[in-house]
Amino acid sequence: MAEQTGGDPLFESHDPIFDRKELLHVGHVPDEDRIVGRDDEIQSVAAEVGAITRGDPPNNVMIYGKTGTGKSLISRHVATRAQDAAQGNDIDCGVLYVDCSEANTETRTTRQLALSLKEQTEYQQNIPLRGVGTMEYYQHIWSILGDCFDAVIVILDEIDKLDNSNVLMQLSRAREARKTDAYIGVIGISNKVQYRETLDERIDSSFGHRELFFHPYDASQLREIMRNREDAFQPAVLEDGTIELCAALAAKKHGDARKAIEILKEAGELARRIGSETVSEDHIQQAQEVAEINRIEELTSGATVHAKLALYALASCIITGERETYKTREVYERYVGICELVATDPITENGLYRQLKEQAFLGVIESEKTGGGRSQGSYLLHRLVTDPKHIVKAVRRDASLEELPTYDRLRETSPSTGNRDIDLTSFS
Ligand SMILES: Nc1ncnc2c1ncn2[C@@H]1O[C@H](COP(=O)(O)OP(=O)(O)O)[C@@H](O)[C@H]1O
Ligand SMILES: [Mg+2]
């Protein structure tokens, strides 16, 4: 059957499903002709930082948009092209990229900026990895810029994760403050549009900047993005309709290109695991479920146990009941029963309400105010944005909550009883 590698039959020499799997890695930067539907965005970013290529001062720019809308890709793409164009005009332009979800403090960010500048030059001085503060890192940054560059484009990705905005201020004032002569163009990227308001509060006008908004992709764009990476697979492995289905699912959810590519990859892995020679629509469906559970787990990873229990409570109301929306009070009652199951002391109803609001912010649930007439007052109705089954699975992945009833177990409590005070303790 499968050929052998190095004579050891344990390892196949040839991957039956994937040919160039690297095309499906998140960090993969596709060639220009494989970038789909972002011409206007490329033009806009280029218009802001492009002055650098002519030896003029650039504008700073903030890019907002949901995950997987091509913000990181387009920023890197334009920055690299600007660097090449500058080179052509004898201008030394550096490109610096920092992922602020990892380098989430000013010290970490400045350290990384200094280190990658050093990497790009012949700078001889030692840059300590620890034991020094931002001041020293800034010193290195200014000296390298002064010695080696006419200009630099700094991409601060996921900038909303940064605990303060000092870096922005320092970079935008550097010339004025005579720290360096190099022009500095900052591209800041945030997945959260809400960051815009906090940014305005935190910085002053010296960080003058334009704003761009990237929109989710539609199904046909997602289809093309994936078609362009079809050669990640061996010929004829992808069955007809798989890319279309994958695009349709991703478009319906969030228009997120990253998720679309991930689902495609996951479906390939799945097919390989079960020894299938092709990737089918069924594999795509299964991969999409796994991806959705992963997404919820990611979204809730920073949330408290009570937030997770509250989500689980809402999901279980929906599964065992007959409605899609539930009042805070109803979710609370269910939550109290669930706390008993996992031997946890419940928080107050008001506390739970705040947890639910936080989840709404994460995009897992939607809450809608409903007027109950003058005498009744208004109340909130909560609904899940995703399949309750996925919530149950994601929450149960938390090791301390795996005792909670599974989705199938919840399903068994028939909605026909109409029993919303269902005794959840009977599950354990
Ligand atoms: N317009 C596009 N054309 C081709 N691939 C894209 C496009 N937009 C995004 N991708 C791919 O989708 C993934 C997510 O894109 P990314 O730029 O990281 O999104 P964001 O930074 O907005 O979360 C990456 O693998 C990227 O290469
Ligand atoms: Mg990104």
ask   = Which value results when the Cα radius of gyration for the stretch 218-299 is divided by 2.2 N^0.38 Å?
value = 1.00
request  = Give the Rg (one decimal place) followed by the Dmax (whole number) of the stretch 286-378, computed from C-alpha coordinates and expressed in Å.
outcome  = 14.1, 49
remark   = One quarter of the C-alpha convex hull surface, i.e. the mean projected area of the stretch 106-145 in nm², amounts to 2.4
ask   = Which of the pairs Lys21/Lys389; Lys66/Lys161; Lys66/Lys118 have their Cα atoms more than 21 Å apart in this structure?
value = Lys21/Lys389; Lys66/Lys118
inquiry  = With 10 angstrom as the radius, rank Ser172, Ser143 by how many other C-beta atoms surround their C-beta, starting from the fewest.
reply    = Ser143, Ser172
request  = Would you kindly work out the equivalent ellipsoid of the chain from its C-alpha gyration tensor and give its semi-axes, the square roots of five times the eigenvalues, largest first in whole Å?
outcome  = 44, 31, 20
inquiry  = For a quick check, take a GNM of the chain with Cα springs below 10 Å and name the residue from Arg202, Arg229, Arg295 with the largest mean-square fluctuation.
reply    = Arg202
key: Amide proton proximity set for Leu96, modelled H, under 5 Å, gap of 5+   = Ile153, Val154, Ile155
key: Set of lysines with alpha-carbon distance to Lys357 below 16 Å, sequence-local pairs under 8 removed   = Lys308, Lys327, Lys369
Counting DSSP beta bridges with both ends in the stretch 38-214, the antiparallel % (nearest 5) = 0
query = Among His209, His382, which comes first, then next, by fewest other beta-carbon atoms within 10 Å?
reply = His209, His382
ask   = Using mean Cβ contacts within 10 Å as the protection proxy, how do 105-111, 248-254 order, highest first?
value = 105-111, 248-254
query = Under a GNM of the chain (C-alpha, springs under 10 Å), which listed residue has the highest mean-square fluctuation: Val95, Val45, Val336?
reply = Val336
inquiry  = Based on the alpha carbons, how large is the Rg to Rh ratio for the stretch 119-218 when Rh follows Kirkwood?
reply    = 1.00
ask   = What's the percent breakdown of Cα-Cα distances in the stretch 1-122 across 5 Å bins, shortest bin first?
value = 2, 9, 13, 16, 17, 14, 8, 6, 7, 5, 3, 1, 0
key: Kirkwood Rh in Å, taken over all unlike Cα pairs in the stretch 67-116   = 12.4
request  = Could you state the orientation-averaged shadow area of the convex hull built on the Cα atoms of the stretch 38-214, in nm² to one decimal?
outcome  = 9.4
remark   = GNM on the chain, Cα springs under 10 Å; top mean-square fluctuation among Gly302, Gly68, Gly241 goes to Gly302
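Readers should treat all values here as calculations from the given coordinates under stated rules, not as data from a laboratory. From a predicted model like this one, the values you see are computed outputs, not experimental measurements. Counting neighbours? That spans all protein chains shown, and the Cβs are built from the backbone with ideal geometry, glycine included.
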